[in-house]
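The values are calculated or read from the model by the stated rules, or taken from the named source; none is laboratory data. Keep in mind that this is a model prediction, so the values were computed, not measured. Here the Cβ is made from the backbone with ideal geometry for all residues, glycine too, and neighbour counts use every protein chain on show. What goes into the accessible areas is simple: the full protein's heavy atoms, side chains included, and nothing from ligands, DNA or RNA. Shrake-Rupley method; radii C 1.70, N 1.55, O 1.52, S 1.80 Å.
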Amino acid sequence: MDRLHPLMCPTPFPVRMNNPMGYVPHPLCIAAAEEVMRCIGKVPEWREDADRGKMFGVLVVEDEEGRPAFLAAFSGLLANRNDWEYFVPPVFDFQQPDGYFKREEAEITQINRQVTLLEQSREREELLRGLQEMKAAKEADLAQWKAQMETAKRRRDAMRGGGLPATMTTEQMLRESQWMKAEMRRKRQRHDEGIARQAEALKALDDDVARLRAARKERSEALQQWLFDHFRMLNARGEERTLTDIFAQTAAKVPPAGAGECCAPKLLQHAYKHHLTPRCMAEFWWGKSPTGEVRRHGAFYPACRGKCLPILQHMLQGLDVEENQMGEPVEAEPDILFEDPWLMVLCKPSGMLAVPGKGGARSVYDFARDRCPEADGPLIVHRLDMDTSGLMVVAKTKWVHQRLQAQFNNRTVEKTYVAVLERPLPKDKPRTGIIDLPLRPDPLDRPRQVVDHVHGKRAVTQYEMLDEQTVMLHPHTGRTHQLRVHCAHQEGLDVPIKGDPLYGTPGERLFLHAAKISFTHPASGERLTFQQIHP
């Protein structure tokens with residue numbers, strides 16, 4: 001089988017299959033990925049396309065004779081093809097030029113062209129312009145006539161009051177008033193009839209556009225459904241489910257575009273079809289990072305949650321799979337730095353949840369509730385990411401909670417974080433400055449955040465390098481993962497925080513620590529500052 005490549009690495013297989021949603025790459029996967037990178041570099045077509053930015057994956061397998069080998073894959077297309085012999089084929093090949101998908105896609109494209117031609121046609125432009133001119137003419141004509149009516153009324157009023165000679169009888173003045181009002185109605189009616197005819201002609205053309213759009217939508221949805229029904233995903237038990245069936249159990253109910261075309265599903269599907277036993281897998285990025293995301297050439301990443309998680313939950317059944325090694329909460333206890341009848345200041349360990357969440361692991365909230373059973377407030381005033389360590393303030397009463405939250409909302413609470421970067425700051429980056437990059441969630445890969453200058457919410461961080469790899473961070477806003485993205489993104493510091501499993505290289509922990517906090521005590525009015533530099 002040409003797509004099965006020998007793996008010359010003395011490292012033994014792992015005991016359990018790693019979890020593709022969160023893992024530290026196994027040495028076998030690293031060796032396989034290095035071989036794939038060498039091959040990409042040797043093929044100009046592949047490299048040219050991959051340099052723009054693409055995800056690749058490797059699956060280390062045990063063949064029927066117990067020997068190690070690996071499969072390779074890419075997400076989507078590579079150099080406009082999905083049939084390169086070095087890589088595993090797609091789960092379902094809908095790219096055949098004479099296949100149903102391409103034929104139906106061509107029909108939909110033709111409908112798109114018809115819609116565009118009608119929307120941009122000279123006939124429609126003239127009808128629309130004529131309608132606007134007729135409406136403007138109506139407004140001008142009626143405004144002018146209204147002004148004449150007001151002038152005539154003032155003249156009649158002056159004659160009735162003796163201010164002007166009476167050149168008209170009372171009956172003549174009444175008839176003039178009645179005629180002018182009737183003429184206003186006749187003018188409005190003439191304009192409205194002309195506008196209605198013009199609008200009807202425009203509507204007839206727009207109705208054609210609406211019918212084409214409805215047909216396009218219906219055919220597109222039917223084609224997507226046909227496609228999802230033809231992606232039949234295997235698992236290690238030999239069971240098969242379509243993408244439609246798999247995603248019917250999710251909140252979205254329908255698969256997102258591109259589902260089933262990522263590396264991990266392709267690799268597992270090919271292994272199952274050829275009776276190969278999966279032992280470990282990894283995905284790595286090649287080339288330029290997307291504008292909004294944080295992707296680094298040669299770095300390993302977990303499979304995406306939006307497209308791949310539901311699929312992999314099915315495909316991994318029948319394998320002995322490790323727990324997710326990233327983002328799992330740990331059982332720990334915070335250290336108390338200060339406590340009085342109103343509040344506590346404590347230091348949360350890395351890996352501890354701030355509030356109750358997944359897995360039922362003990363959180364700061366649980367700790368505070370156990371310690372202060374009489375507390376009548378929500379307790380948690382602000383949060384830290386599970387992976388972040390550092391200082392948190394806990395309110396013991398609802399009154400204190402409200403006043404502390406008001407300080408956070410009014411930005412009178414001062415917070416300082418200290419982070420260790422993966423490597424020294426690039427020489428082209430200033431050692432102090434302000435990072436202003438708007439953020440929004442990635443809907444297909446939560447909780448990952450992306451930089452979005454159009455739809456993102458403003459996020460501002462002031463920073464100061466303390467040494468070559470240690471940075472002091474002052475967030476002016478409180479967006480999710482703000483400090484992590486601002487450090488890792490190419491428009492920020494361009495260096496991830498050490499140990500960041502989402503935006504950098506996974507490690508023993510995330511080296512981000514909330515080291516200092518200042519606020520006004522709600523009861524005493526005293527300004528308090530607490531500091532703990534080392535996690």
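Here are the numbers for the structure shown:
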quantity	calculated
Selected residue [closer than 29 Å to Leu337 by Cβ, at pLDDT 95 or above and open to solvent by 60 Å² or more (accessible area, probe 1.4 Å)] from Thr416, Thr432, Thr461	Thr432
Neighbours by Cβ (under 6 Å, 6+ apart or cross-chain): first from segment 452-480, closer than 22 Å to Val420 by Cβ; second of a type in the set (Ser, Thr, Tyr) and crowded, with 16+ Cβ neighbours inside 10 Å	Val471/Tyr463; Leu473/Tyr417; Leu473/Thr461; Leu473/Tyr463; His474/Thr416; Pro475/Thr461
Options Leu319, Leu384; residue that is under 30 Å from Val61 (Cα atoms) and part of a loop (DSSP other than H, G, I, E, B)	Leu319
Residue in segment 149-159 that is free of Cβ contacts under 8 Å to residues at least 24 places away in the same chain, assigned to a loop (DSSP other than H, G, I, E, B) and either surrounded by fewer than 11 Cβ atoms within 10 Å (Cβ to Cβ) or more than 60 Å from the chain's Cα centre (by Cα) (or both) present	no
Test for Asp49: is it under 31 Å from the mean Cα position of the chain (by Cα), of a type in the set (Asp, Glu) and more than 21 Å from Leu243 (Cβ to Cβ)	yes
Residue match in segment 5-12 (condition: surrounded by fewer than 22 Cβ atoms within 10 Å (Cβ to Cβ) and either small (Gly, Ala, Ser) or under 34 Å from the mean Cα position of the chain (by Cα) (or both))	no
Scope segment 27-78; condition surrounded by 15 or more Cβ atoms within 10 Å (Cβ to Cβ) and small (Gly, Ala, Ser); matching residues	Ala31, Ala32, Ala33, Ala50, Gly53, Gly57, Ala69, Ala72, Ala73, Ser75
Any chance Arg403 is closer than 30 Å to Thr291 by Cβ, of a type in the set (Lys, Arg), out of contact with any Leu (no Cβ under 7 Å at 6 or more places or on another chain) and open to solvent by 40 Å² or more (accessible area, probe 1.4 Å)	no
Selection count where residues are assigned to a loop (DSSP other than H, G, I, E, B), open to solvent by less than 50 Å² (accessible area, probe 1.4 Å) and within 18 Å of Gln462 (Cβ to Cβ), scope segment 483-535	5
Boolean, Arg219 is part of a strand (DSSP E or B) and in contact with a helix residue (DSSP H, G or I) (Cβ under 9 Å, 6 or more places away or on another chain)	no
Test: Thr277 is within 17 Å of Val58 (Cβ to Cβ), open to solvent by 10 Å² or more (accessible area, probe 1.4 Å) and of a type in the set (Val, Ile, Thr)	yes
Hits in segment 188-216 (condition: within 35 Å of the chain's Cα centre (by Cα), surrounded by 13 or more Cβ atoms within 10 Å (Cβ to Cβ) and of a type in the set (Lys, Arg))	Arg213, Arg216
Tabulated pairs, segment 8-20, first assigned to a loop (DSSP other than H, G, I, E, B), second among the small types (Gly, Ala, Ser) and open to solvent by less than 50 Å² (accessible area, probe 1.4 Å), C-beta under 7 angstrom, 6+ apart or interchain	Cys9/Ala31; Pro20/Ala264; Pro20/Ala303
When residues of segment 105-120 are limited to those that are touching a residue at least 24 places away in the same chain (Cβ under 8 Å) and closer than 16 Å to Leu202 by Cβ, the one least open to solvent (accessible area, probe 1.4 Å)	Val115
Residue among Ala257, Ala251 that alone is part of a loop (DSSP other than H, G, I, E, B), open to solvent by 60 Å² or more (accessible area, probe 1.4 Å) and within 19 Å of Glu105 (Cα to Cα)	Ala257
Subset of segment 83-104 [part of a loop (DSSP other than H, G, I, E, B) and either open to solvent by 80 Å² or more (accessible area, probe 1.4 Å) or of a type outside the set (A, V, I, L, M, F, W, C) (or both)]	Asp83, Glu85, Tyr86, Pro89, Pro90, Asp93, Gln95, Gln96, Pro97, Asp98, Gly99
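Listed here are the residues, each with its yes/no results for (1) open to solvent by 60 Å² or more (accessible area, probe 1.4 Å); (2) assigned to a loop (DSSP other than H, G, I, E, B).
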residue	(1), (2)
His314	no, no
Pro329	no, yes
Val345	no, no
Ser350	no, yes
Val355	no, yes
Tyr365	yes, no
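Listed here are the residues, each with its yes/no results for (1) free of Cβ contacts under 8 Å to residues at least 40 places away in the same chain; (2) of a type in the set (Asp, Glu).
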| site | (1), (2) |
| --- | --- |
| Leu267 | no, no |
| Ile311 | no, no |
| Asp320 | no, yes |
| Glu333 | yes, yes |
| Met352 | yes, no |
